[in-house]
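The values are calculated or read from the model by the stated rules, or taken from the named source; none is laboratory data. As the structure is a prediction and not an experimental result, all values here were calculated from the model. Cβ: placed from backbone, ideal geometry, glycine included. Neighbour counts: every protein chain shown. Note: areas computed on protein heavy atoms with side chains; ligands, DNA, RNA excluded. Shrake-Rupley method; radii C 1.70, N 1.55, O 1.52, S 1.80 Å.
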Amino acid sequence: MSTIISEELSATTLLRFATAGSVDDGKSTLVGRLLHDSKSILTDQLEAVERASAGRGQDAPDLALLTDGLRAEREQGITIDVAYRYFATPRRRFILADTPGHVQYTRNMVTGASTAELTVILVDARNGVVEQTRRHAAIAALLRVPHVVLAVNKMDLVEYRESVFAAIAEEFTAYASELGVPEVTAIPISALAGDNVVDASANMDWYGGPTFLEHLETVPVSHDLAHCHARLPVQYVIRPQTAEHPDYRGYAGQIAAGTFHVGEAVTVLPSGRTSTISGIDLLGVPVDAAWTTQSVTVLLADDIDISRGDLIVPTKDAPATTQDVEATVCHVADQPLTVGHRVLIKHGTRTVKAIVKDIPSRLTLDDLSLHPHPGQLVANDIGRVKIRTAEPLPVDSYADSRRTGSFILIDPADGTTLTAGMVGESFASPEPVKDEPDDDGWDF
């Protein structure tokens, strides 16, 4: 039975990807073209776009309207919010995050790309690599996105010249390599005309690579679990205490990374108590193993104190617990983040009190320059912070695990999300922090 469930769950793979680009690079048009040509939109949706386009005096449907849903977006012809679209082909399922390109919406791109396994960065073939292109590449590198696609758009406006595409691809790939981006695939397209989006272009016979959709369907999805650190944040403790299950005690949650096996020795953090997995329930059926993104209930051989917020990990691969967290963060709130700021830190399913002990530097993505000790971070700023928590947290480096190496800072007064953080080093080098006592009782 466990084999049958595993095969059914892995029959199709899911790819999460985000799009980014400068203003008027044709990002929303590309997404609309992709949905249209892959037959992933309903008839009434297309009719609504046709009516809206006709009302604006356009002869052909403006496919960008499929994703630009806000009235302000349609009026200005830009993307402001992150638009999520779900579609599928016979080969793969997709979750697409169409993110805004404006610098004042950097936080929106960070939000959209934070869970992406692939980022599409659009470039206008007429303009080439611009400041915003470098900014988007830096964010993709910062978020450790495994795959980056450089979509050189509007090739029809440069007469489909190979030399234009080659020069842009070479410049971008060189810059991305400096940032540590592991993989860049460059594809020449025309979103408006549909060249190389879903169907191969007859106007660019010099290009022998995959179309945009073909690449999305075949790019390796990061579900190779052999090298992942297995992590299960406990969301809920299940104790039915019924006549049928009088002694059942299971720990439910979504596996954040890696694979768990029945019989495996595990440690519960932050307590450090150890036990052995005696069973794994998936969709109510016992299985021998479970892996990343599956929601499971784990049963242990010993009755130990476990509650929501604890982390179950293999004993042989347990992370260290710490109260001092160093991270790169993107500030997403309008309220500034300052040194001494009292916050809540949410890591996995655990939330504890914390204090911002220092902000060693702020990073300028345009040229990757560091501004030491800015004192505060305002909306859309990216910088280094040092945080002291009230209780130990079992954190991984973000470079090793994007799920258990990330966290958010929350305003304890109203629950507002302040900052998104990535534990460990980025391409910025922080300075040593000076620990000074706090007079308000938040010095941990």
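Across the range 134-180, what is the total count of residues that are assigned to a loop (DSSP other than H, G, I, E, B) and open to solvent by less than 20 Å² (accessible area, probe 1.4 Å)?
2
Does Pro286 count as farther than 30 Å from Ala390 by Cβ, open to solvent by 30 Å² or more (accessible area, probe 1.4 Å) and in contact with a Phe, Trp or Tyr (Cβ under 7 Å, 6 or more places away or on another chain)?
no
How many residues does the range 250-278 hold that are touching a helix residue (DSSP H, G or I) at 6+ places or on another chain (Cβ under 7 Å) and open to solvent by 60 Å² or more (accessible area, probe 1.4 Å)?
Total satisfying the criteria: 1.
If you go through the range 354-363, how many residues are within 13 Å of Arg384 (Cβ to Cβ) and open to solvent by less than 30 Å² (accessible area, probe 1.4 Å)?
Matching residues across the range 354-363 total 6.
Of all strands (runs of 3 or more DSSP E) completely enclosed by the range 262-302, which ones contain at least 1 residues that are in contact (Cβ under 8 Å) with a residue 12 or more places away in the chain, out of contact with any Leu (no Cβ under 7 Å at 6 or more places or on another chain) and more than 22 Å from Val395 (Cβ to Cβ)?
Output list reads 273-282, 285-287, 289-291, 295-300.
Among the residues of the range 227-244, write down those that are buried (at least 19 other Cβ atoms within 10 Å of the Cβ), of a type in the set (A, V, I, L, M) and under 17 Å from Ile304 (Cα atoms).
Scanning the range 227-244 gives Leu232, Val234.
So, in the range 294-320, how many residues would count as being modelled with pLDDT of 95 or more and either of a type in the set (Phe, Trp, Tyr) or closer than 30 Å to Gly375 by Cα (or both)?
So the answer is 0.
Are any of the residues in the range 177-187 modelled with pLDDT of 95 or more, among the hydroxyl-bearing types (Ser, Thr, Tyr) and either farther than 30 Å from Thr328 by Cβ or in contact with a Ser or Thr (Cβ under 6 Å, 6 or more places away or on another chain) (or both)?
no
Kindly establish whether Ala379 is assigned to a strand (DSSP E or B), of a type outside the set (D, E, K, R) and modelled with pLDDT under 95.
No; evaluated as a whole, the condition is false for this residue.
Restricting attention to the range 181-214, report how many residues are open to solvent by 10 Å² or more (accessible area, probe 1.4 Å) and part of a helix (DSSP H, G or I).
The total comes to 2.
Which one of the conditions (1) open to solvent by 50 Å² or more (accessible area, probe 1.4 Å); (2) modelled with pLDDT of 90 or more; (3) charged (D, E, K, R) does Asp247 fail to meet, given that it meets all the rest?
(2)
Tell me whether the range 356-373 contains one or more residues that are closer than 16 Å to Ile408 by Cα, polar (S, T, N, Q) and in contact (Cβ under 8 Å) with a residue 24 or more places away in the chain.
Checked the range 356-373: no residue is closer than 16 Å to Ile408 by Cα, polar (S, T, N, Q) and in contact (Cβ under 8 Å) with a residue 24 or more places away in the chain.
From (1) under 16 Å from the mean Cα position of the chain (by Cα); (2) open to solvent by less than 10 Å² (accessible area, probe 1.4 Å); (3) not aromatic (Phe, Trp, Tyr), pick out the condition that doesn't hold for Val123.
Of the numbered conditions (1) under 16 Å from the mean Cα position of the chain (by Cα); (2) open to solvent by less than 10 Å² (accessible area, probe 1.4 Å); (3) not aromatic (Phe, Trp, Tyr), the odd one out for Val123 is (1).
Being of a type in the set (A, V, I, L, M, F, W, C) and at pLDDT 95 or above is the filter; apply it to the range 328-339 and report the residue that is most open to solvent (accessible area, probe 1.4 Å).
That would be Val339.
Would you mind telling me which numbered condition in (1) open to solvent by 20 Å² or more (accessible area, probe 1.4 Å); (2) closer than 12 Å to Pro233 by Cα; (3) among the small types (Gly, Ala, Ser) Ala301 fails?
Result: Ala301 passes all but (2).
Being in contact (Cβ under 8 Å) with a residue 60 or more places away in the chain, of a type in the set (Asp, Glu) and within 22 Å of Gly415 (Cα to Cα) is the filter here; which residues of the range 374-396 pass it?
Within the range 374-396, just Glu391 meets the criteria.
Does Ala320 qualify as being open to solvent by 40 Å² or more (accessible area, probe 1.4 Å) and not charged (D, E, K, R)?
yes
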